[in-house]
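Single-structure report; data block below.
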Amino acid sequence: MLDAALALVRAQGYAATSVDELCRAAGVTKGAFFHHFKSKDELAVAAARHWSEVTGALFAAAPYHDHADPLDRVLAYIDFRAALIEGAPAAFTCFAGTLVQEAFAANDEIRAACAASIFGHAATLEADIEAARARHCIEGDWTAKSLALHTQAVLQGAFILAKAQGGPEVARAMAAHLKRYVQLLFAKGE
């Protein structure tokens, strides 16, 4: 049911996804759905946590961690994210970002689960960003946390633009701009 929720919400949004559709996609009865979840909102919270686990494993195993220089790891992370931007927006956009855009004001538990996913992922970048600042002697009025959050804001915004445009091109362009921005912050050109 959790994987069905990820696919359907990414494809059509939370409000447009019914419990009946979720049950059909998951191959379960409505009774089975309500045996596991009291409501669609409870499923959404569980699905946001599931999304964090699935994507957390993907990013933990990604090759950008293999670089010796922490700045190269940060730049390779952006490249990795750009490489994931393929196909229709439902194939590459963020479940938590999609869900929170619709439900942030309607359900505090959904908002909190989405925030934990998005902010938690951003936090995985902070150590590399801080190590890159130290290694490259970069000063500035920004922090590793603020750059990690900016990275997520750019990517989430890129996903919105991709949805509006109906394809990946604009999102890939925003990822390229993000990489150039980070290179400029660290005065490292290509």
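Quick note: the coordinates plus some simple rules give every number you see, no bench work behind them. Remember, predicted model here, so these are calculated numbers, not experimental data. No Cβ is skipped: glycine too gets one built from the backbone with ideal geometry, and neighbour counts run over all protein chains shown.
What to note about this one:
- Checking residue 131 against (1) touching a residue at least 12 places away in the same chain (Cβ under 8 Å); (2) under 15 Å from residue 97 (Cβ atoms), the condition it does not meet: (2)
- Residues of the stretch 94-129 classified as assigned to a helix (DSSP H, G or I) and either among the polar types (S, T, N, Q) or under 20 Å from residue 172 (Cα atoms) (or both), total: 11
- Tabulated pairs, the stretch 66-79, first closer than 18 Å to residue 158 by Cβ and without any contact (Cβ under 8 Å) to a residue 60 or more places away in the chain, second loosely packed, with under 15 Cβ neighbours inside 10 Å and among the small types (Gly, Ala, Ser), C-beta under 7 angstrom, 6+ apart or interchain: none
- Pair list, Cβ < 9 Å and 6+ apart or interchain, from the stretch 152-170 residues that are farther than 21 Å from residue 121 by Cβ to residues that are outside any helix (DSSP H, G or I) and not hydrophobic (A, V, I, L, M, F, W, C): 167/87
- Failed condition for residue 28, given (1) surrounded by 15 or more Cβ atoms within 10 Å (Cβ to Cβ); (2) among the aliphatic types (A, V, I, L, M); (3) not in a loop (DSSP other than H, G, I, E, B): (3)
- Selected residue [surrounded by 16 or more Cβ atoms within 10 Å (Cβ to Cβ), within 13 Å of the chain's Cα centre (by Cα) and either closer than 18 Å to residue 157 by Cβ or of a type in the set (A, V, I, L, M) (or both)] from 110, 85: 85
- Any hit, the stretch 84-93, residues being in contact with a Phe, Trp or Tyr (Cβ under 7 Å, 6 or more places away or on another chain), in a helix (DSSP H, G or I) and of a type in the set (Phe, Trp, Tyr): no
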